[in-house]
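The values are calculated or read from the model by the stated rules, or taken from the named source; none is laboratory data. Quick caveat: nothing in here was measured; it's all calculated off a predicted structure. Heads up, the Cβs are rebuilt from the backbone with ideal geometry, glycines too, and the neighbour counts pull from every protein chain shown.
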Amino acid sequence: MAIDYWQYLEPGKIYHFYNRAINKDLLFRTDKDYSLFLKKTKKYLAPYLHFYAYCLIPNHFHFLFEVMEIDDEMNHHLLKEKTKCANHLLNGNIELNSFLEDQFRRLFSSHALYFNKFYNRKGSLFQKRPKRIAIESIERLLYQICYIHHNPIHHHLRNDFHEWKYSSYNSFISEKPFLIERKKVVSFFWK
């Protein structure tokens, strides 16, 4: 059975979302690159997605998130966006999927503009179509959380995933507020 890597983003559903750099280039070279990408992720996506895991690797990234339901709080964030896409969603002219695709585009464009200017490069940075797969079972959800956190070992960046500072793993053992829905993710393992 063929896998649909470009599934529709629907409220209440959980997705494994990932993308990579084009031409075996890098997305991140320094701590600053990783930090800025996470900061922009928080700005463009956190008001609309519940993040369960992430891992940033030099040439790609993985996100695991649940799409939030449209409610008063989301509408408040949409009003603050002041983009055409946000206005179209608020007016019922597009669906949430289209708005989220635009937010991801804004994240990627913002990172590429910074990266190209800082490293004196030109052109696209990300592959055109990021992959996204709906997670349909608790078993698959638990597997994806572990898979994402294991990525630094898989790509021979570290021998221990605890040592990789560009993943959500360490936020689970920290008290600092962050992007991840800590309590909810931990509860998945105790069901």
Residue selected from the range 26-46 under the condition in contact with a Leu (Cβ under 7 Å, 6 or more places away or on another chain) and not in a helix (DSSP H, G or I), by the criterion surrounded by the fewest Cβ atoms within 10 Å (Cβ to Cβ) = Ala46
Applying the selection to the range 134-188, what residues are surrounded by 11 or more Cβ atoms within 10 Å (Cβ to Cβ) and either among the acidic types (Asp, Glu) or part of a loop (DSSP other than H, G, I, E, B) (or both)?
-> His155, Leu157, Arg158, Glu163, Trp164, Lys165, Tyr166, Ser168, Ser174, Phe178, Leu179, Glu181
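Go through Asn87, Asn93 for me and flag whichever is surrounded by 14 or more Cβ atoms within 10 Å (Cβ to Cβ), modelled with pLDDT of 95 or more and in contact with a helix residue (DSSP H, G or I) (Cβ under 9 Å, 6 or more places away or on another chain). Quick ask: steps written out before the conclusion?
Values: Asn93 fails: surrounded by 14 or more Cβ atoms within 10 Å (Cβ to Cβ).
Within the list Asn87, Asn93, the selection yields Asn87.
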Would you confirm whether any residue within the range 100-114 is in a helix (DSSP H, G or I), free of Cβ contacts under 8 Å to residues at least 60 places away in the same chain and touching a helix residue (DSSP H, G or I) at 6+ places or on another chain (Cβ under 7 Å)?
-> yes
For the range 106-139, enumerate the residues that are among the basic types (Lys, Arg) and farther than 21 Å from Ile57 by Cβ.
-> Arg106, Lys117, Lys122
Starting from the range 13-29, keep only residues that are among the small types (Gly, Ala, Ser), then list their pairs with residues that are not in a loop (DSSP other than H, G, I, E, B) whose Cβ atoms are within a distance under 9 Å, requiring at least 6 positions of separation or different chains.
-> Ala21/His60; Ala21/Phe126
Residues of the range 63-84 that turn out to be assigned to a strand (DSSP E or B) and either among the aromatic types (Phe, Trp, Tyr) or loosely packed, with under 15 Cβ neighbours inside 10 Å (or both), as a count = 2
